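Report on the following structure.
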Amino acid sequence: MTAKIVIKDLHKAFGPKKVLQGVDLEIAQGESVVVIGGSGSGKSVLLKCILGLLRPDSGEIFVDGQPTVHMGSSDRARMLAKFGMLFQGAALFDSLPVWQNVSFGLIQGQGMKLSEAKKLAIDTLAKVGLGADVADLTPAELSGGMQKRVGLARAIASKPEIIFFDEPTTGLDPIMSDVINQLIAERVRDLGATALSITHDMASARKIADRIVMLYRGKIIWQGKTAEIDHSGNAYVDQFINGRAEGPIQMEVRAS
Amino acid sequence: MNDFLATIGRSALGFFASVGRLFLFAGVSISHIVRPPFYLKLVLRQMMLIGYNSLPVVGLTSLFTGMVLALQSHTGFAGFGGDTAVAMLVVLSVTRELGPVIAGLMVAGRVGAAIAAELGTMSVTDQIAALSTLSTNPYKYLVVPRILAGVITMPLLVIVADIIGIMGGYIVAVYLLDANPSSYLHLTWVALKTPDVMSGLYKAAAFGFVVTLMGCYHGYHSRGGAQGVGSATTNAVVSGSILILLMDYLLTSVFFS
Ligand SMILES: Nc1ncnc2c1ncn2[C@@H]1O[C@H](COP(=O)(O)OP(=O)(O)OP(=O)(O)O)[C@@H](O)[C@H]1O
Ligand SMILES: [Mg+2]
């Protein structure tokens, strides 16, 4: 079986700053992959490249076997219809009430009726632990964690085949984090969705990942089953998952 | 010396690159105007924001423009022909030139800035990226409604500006300069020519296009947080205003040559 998403030798730089320097990754249908890595290591950029929101400098990306890097805009629109994405900053539309944010893809993309869309939005909000009273508020009236959950609801509302989560549990309390972890795991298990998530939260990574991938200096330096991460034998991974300041990963902080 | 040439070369290249980007942006936007889906509701909403909400500023500025024109021409032409010239000068300048240009500049300040700030914020907070992941083309959803609304509402605004401007001239001429009301109205009517008015309305549509285009372009491409949005807003207003005056010259030379 060919993989759902294949990434080959992906490079992306912003001016002189090389962010991705040859990323290779395959994600199988129905698999949940979690990407870990230091802040600024290019995790969000990787996701945006796959979606075509950023154009990679070189390398190839295949979704369902189709090359996507040089895709025309109508083909890309068709491809993106398979995706749901939770952005790191939630990226809610602040001119629209919460419920229209959640069902935006259904109203615009599939022409769903407003009354039906609102009902579905309220149901989806309930899944991320938000009540119906939130539906009519605007995003600016929500707390950061609530915005995150609305973004999550928006990403899953249209039941996409492939879902990207950029730090789904950042800014949530531990209990709500667990609710969200379960929700993501459930999406993948019950609906057969393929998921690619970014997280700094190792508890969350352990719960939602089939496979964990570590990004460092623009390359994937380790990948393996979730259970293997504790004895990866990789000094970088060990340092990262145990959160130690000392080790091979030198953060860009220097006492001077 | 070499450094100097290199600097000039670099800035020239940079300039052509941004002109190219702008034309590309305009081309893509226009190509999306004619292809479905169409967001009619968004166009109407933008027409309200651009047109209706600009009425007070445009009305006030054109009122004063008409008043000042009457006053200036009265003192200027006092020696020869006197009052007959006032009505004609007011009508001609307002319909051909000042109505569209003043309204255009006001809209560039109000609307160009607002569009750039809104799209800029959407761009730096990933909202534009989010649109495309939700089966919605950002050009169609954000850019096209604003440009269409600009092209449609600017001529309507200018009709209002023309009427108020001419009225301003009338007020000054009749109440301040003691012109005869009925003969002033008659002279105004005689001086009012359809081609003049129409040329002003064509200009208005062109100004509506450049103002909204510059707002969208600078907003869409803004980078780097609040500061980036701030400079996008400034650039939208400055470039919009410059382009209005440039277009005004070009269109005038086309219409009246
Ligand atoms: N649009 C952009 N323009 C210029 N540089 C960018 C852009 N987007 C990202 N970068 C740079 O790319 C690098 C990687 O950014 P990215 O957002 O992918 O980090 P990340 O791994 O997601 O970090 P975090 O865990 O903090 O979210 C950063 O150094 C950032 O400065
Ligand atoms: Mg990130």
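The values are calculated or read from the model by the stated rules, or taken from the named source; none is laboratory data. Quantities reported herein were computed from a predicted structural model and do not represent experimental measurements. As a convention, Cβ positions derive from the backbone with ideal geometry for all residues, glycine included, and neighbour counts pool all protein chains shown. Ligands, DNA and RNA are stripped out before the accessible areas are found, and what is left, the full protein with its side chains, is counted by its heavy atoms. Shrake-Rupley method; radii C 1.70, N 1.55, O 1.52, S 1.80 Å.
Let's see how each residue does on (1) open to solvent by less than 40 Å² (accessible area, probe 1.4 Å); (2) more than 14 Å from chain A (Cβ to nearest Cβ):
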| site | (1), (2) |
| --- | --- |
| B:Ser93 | yes, yes |
| B:Met106 | no, yes |
| B:Ala130 | yes, no |
| B:Leu148 | no, yes |
| B:Val151 | no, yes |
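One line per residue, one yes/no per condition, for (1) at the interface with another protein chain (Cβ under 9 Å from one of its Cβ atoms); (2) over 18 Å from A:Asp166 (Cβ atoms); (3) modelled with pLDDT of 95 or more:
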residue: A:Gln66; (1), (2), (3): no, yes, no
residue: A:Ser73; (1), (2), (3): yes, yes, no
residue: A:Ala90; (1), (2), (3): yes, no, no
residue: A:Gln110; (1), (2), (3): yes, yes, no
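Of the residues making up the range A:70-88, those that are open to solvent by 20 Å² or more (accessible area, probe 1.4 Å), in contact (Cβ under 8 Å) with a residue 12 or more places away in the chain and away from ligand 1 (no atom under 16 Å from the Cβ) number 4. On inspection, A:Ala126 qualifies as modelled with pLDDT of 90 or more and either within 20 Å of A:Gly84 (Cβ to Cβ) or open to solvent by less than 20 Å² (accessible area, probe 1.4 Å) (or both).
A:Leu53 passes every criterion in (1) within 16 Å of ligand 2 (Cβ to nearest atom); (2) within 14 Å of chain B (Cβ to nearest Cβ); (3) exposed (fewer than 14 other Cβ atoms within 10 Å of the Cβ) apart from (3). All of A:Pro139, A:Pro174 fail the test of being buried (at least 17 other Cβ atoms within 10 Å of the Cβ) and more than 16 Å from ligand 1 (Cβ to nearest atom), apart from A:Pro139. Elements of the type helices (runs of 4 or more DSSP H) sitting completely within the range A:55-132 and holding at least 1 residues that are of a type in the set (Asp, Glu): these cover A:73-80, A:114-127. Just one of the listed residues (A:Ala205, A:Ala235) is at pLDDT 85 or above and surrounded by fewer than 18 Cβ atoms within 10 Å (Cβ to Cβ), namely A:Ala235.
Just one of (1) under 15 Å from the mean Cα position of the chain (by Cα); (2) surrounded by fewer than 22 Cβ atoms within 10 Å (Cβ to Cβ) fails for A:Gly151. It is (2). Being under 30 Å from A:Ala28 (Cβ atoms), open to solvent by less than 10 Å² (accessible area, probe 1.4 Å), in contact (Cβ under 8 Å) with a residue 24 or more places away in the chain and not basic (Lys, Arg) is true of A:Ala91. Pairing residues of the range A:98-113 that are within 23 Å of A:Gly131 (Cβ to Cβ) with residues that are of a type in the set (Ser, Thr, Tyr), at Cβ distances under 6 Å and at least 6 apart in sequence or on separate chains, gives A:Val102/A:Thr124; A:Gly105/A:Ser158; A:Gly105/B:Ser135; A:Leu106/A:Ser158.
When A:Thr194, A:Thr169 are checked against the criterion of being more than 16 Å from ligand 2 (Cβ to nearest atom) and polar (S, T, N, Q), a single residue qualifies: A:Thr194.
Taking the numbered list (1) open to solvent by less than 10 Å² (accessible area, probe 1.4 Å); (2) of a type outside the set (Ser, Thr, Tyr); (3) at pLDDT 90 or above; (4) within 16 Å of the chain's Cα centre (by Cα) in turn, A:Ile184 passes all entries but (3). Whenever a residue of the range A:182-202 is without any contact (Cβ under 8 Å) to a residue 60 or more places away in the chain, its partners that are open to solvent by less than 20 Å² (accessible area, probe 1.4 Å), lying with C-beta atoms within less than 7 angstrom and at least six residues away or across chains, give the pairs A:Leu183/A:Val128; A:Arg187/A:Ile156; A:Arg187/A:Ile163; A:Arg187/A:Ala193; A:Arg187/A:Ala195; A:Asp201/A:Thr169; A:Asp201/A:Ser177.
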